[in-house]
Amino acid sequence: MPPGGPGGPFPPGGPHGHPSGGAVPPGGGGGGRKRWLIPVAATTAVLVMAGAVWASVSLLNFGGNQPEAVLPGNTVAFGEVDLSIDGSQAVELMEFIDQLPDEVAEEIDTGDGDMNELFADVFTDAFPEADKASVSEWIGDGAGAGLWPSDDEEVGSEAGTAGMGSVIALSVEDESLAEEDLSSLSGEYDDLYYEITDGFALLTPDGASLADMERQVEEHGTLDSADEFSSDVSDLPSGSLATAWGDLGALSEVEGLSGEFQAGTATGPAEISGRASGALHVDGSYLEVQSSVTDWSVDGADMTWLSEAETGSVEAVGRLPENTVMAFGATGLDSALSDAYDDGELDFLTDNRDFQQMERQLNSVGAHLPEGFGALLGTSTVFGITGQGSDGFFEGTGGQESFMYRAEGADQQVLEDFVNDLVVGPYGQPPAIDEEDGTVVVQEGSSSTGALADDPVFEQTMQEMDGAVVSGFFDLRQVLEQGSDVADPSQWGAVGLSVTPNEEGNQLSGELRWSPSGGE
């Protein structure tokens, strides 16, 4: 029986649940499972809208308690949206807004900068019976969510996740008003249980989860005091719009999720460990997702070998032609992969049937592993699409794309055999393959004479990524010129990507950013 029911620790209709017994009024019942997906799905909409509302920033809100201060310390998955802002974040935001395309900037809401309205919209979408004007009075400008394991099978059973508790934590500015609204709503829905504490309204889909959360906090403390969580999120940018964290090992053991984890590794059943974290933030000239994987391993094999790879992939990508639309580059993968192969650190891949088939094909063209890594990749490897078919970049029926592949220090003969025998085949037309100052160049079609590094948008997008061992670049300006509906493609800038290991090799960090060029 739920906490709000007869015999439970809380009185019927009290702050921890809905009234006991009786028929559920219209609006409750079976639709609860779908409704609880609304706040999660709406997070994306909130983040998109946030950039517009931030155009007229209120500097009076400097945040307060964070959701991790009320969630259990054994939480295995956590997410947070925080739209409070301070002065330094306001400066970064204004710089970014100045670079937005004109058509985006024109849509920016120049209201009073009240973030609460965004969360009030999401809340009333999830609970239509709630009065938005009333919700706007008490709801704050931050929200979080968490999952934690429990040995009580009743926890999460109503939501279809038996043994896994879940909670949504909404920041609250007026606890008494929040109490009035939630008390009323809990009588309307049979899957809404709540508690108001420390500036948050904690919402769970079943009473067992709410009671278990309190027990877990007593046993494990709160999430913000957990060492691994605190260490991981401390590496993320402060003042981020959204933050996420998860214990990959713990999540891989959750029934229903373990299959997805193992499918992602393409290795079958495997022992997975490690943690992942990420944040969405504005940094002056770009909007970026910064993420990290820490202490990650599959069956004991990890990514420490990548720390031996050399930096400089951005510089290598910059040597591609200036009209490059999309590019990926890496440096030092030849030696790093060779060492990892010899040391058995790639066994989780080499034991896979598809990898073994690929290795047999490489052997047929003389690219015997591990030496074959260097023969094909060289010390510096970049690939770029340097032109678009007549039907546009995303159309599959246009003319043949132009591209360039550059591998510094690669084996020209091995590359020729690889391209002609395995890529093109006996009936295809092979691309041109030449050697330029120790770099093997495979090219199809024509390209511009200037270098990509000379493009100001490339420089702006890829700034401060010099330490990346893998990087990517996607020119939105050229893509949007092909049949898009945007007013001025030249103002949309580009997307940049980087992957960087730390010196110890136990953490792999990634950056994915959009850098618009409307302010130029």
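The values are calculated or read from the model by the stated rules, or taken from the named source; none is laboratory data. None of these values were measured; they are calculated from a predicted model. Here Cβ is always computed from backbone atoms with ideal geometry, including for glycine, and neighbour counts include all displayed protein chains. Heavy atoms of the whole protein, side chains included, go into the accessibility calculation; ligands, DNA and RNA do not. Shrake-Rupley method; radii C 1.70, N 1.55, O 1.52, S 1.80 Å.
A few notes on this one:
- The one condition in (1) touching a helix residue (DSSP H, G or I) at 6+ places or on another chain (Cβ under 6 Å); (2) of a type outside the set (Ser, Thr, Tyr); (3) surrounded by fewer than 16 Cβ atoms within 10 Å (Cβ to Cβ); (4) in contact (Cβ under 8 Å) with a residue 40 or more places away in the chain that residue 160 fails to fulfil: (1)
- Residue check, residue 399 within 30 Å of the chain's Cα centre (by Cα), under 23 Å from residue 446 (Cα atoms), in a loop (DSSP other than H, G, I, E, B) and at pLDDT below 95: no
- Qualifying strands (runs of 3 or more DSSP E) (wholly inside the stretch 414-520; at least 3 residues being more than 30 Å from residue 99 (Cβ to Cβ)): 432-436, 439-444
- Residue list for the stretch 340-369, restricted to those being assigned to a helix (DSSP H, G or I), within 28 Å of residue 512 (Cβ to Cβ) and touching a residue at least 12 places away in the same chain (Cβ under 8 Å): 340, 348, 349, 354
- Filtering 208, 145, 120 for residues that are in a helix (DSSP H, G or I), of a type in the set (A, V, I, L, M), under 29 Å from residue 77 (Cβ atoms) and open to solvent by 10 Å² or more (accessible area, probe 1.4 Å) leaves a single hit, 208.
- In the stretch 474-520, the qualifying residues are those that are charged (D, E, K, R) and over 25 Å from residue 231 (Cβ atoms), and the one that is modelled with the lowest pLDDT is 520.
- Of the residues making up the stretch 493-519, those that are within 13 Å of the chain's Cα centre (by Cα), open to solvent by 10 Å² or more (accessible area, probe 1.4 Å) and not polar (S, T, N, Q) are 497, 510, 511, 512.
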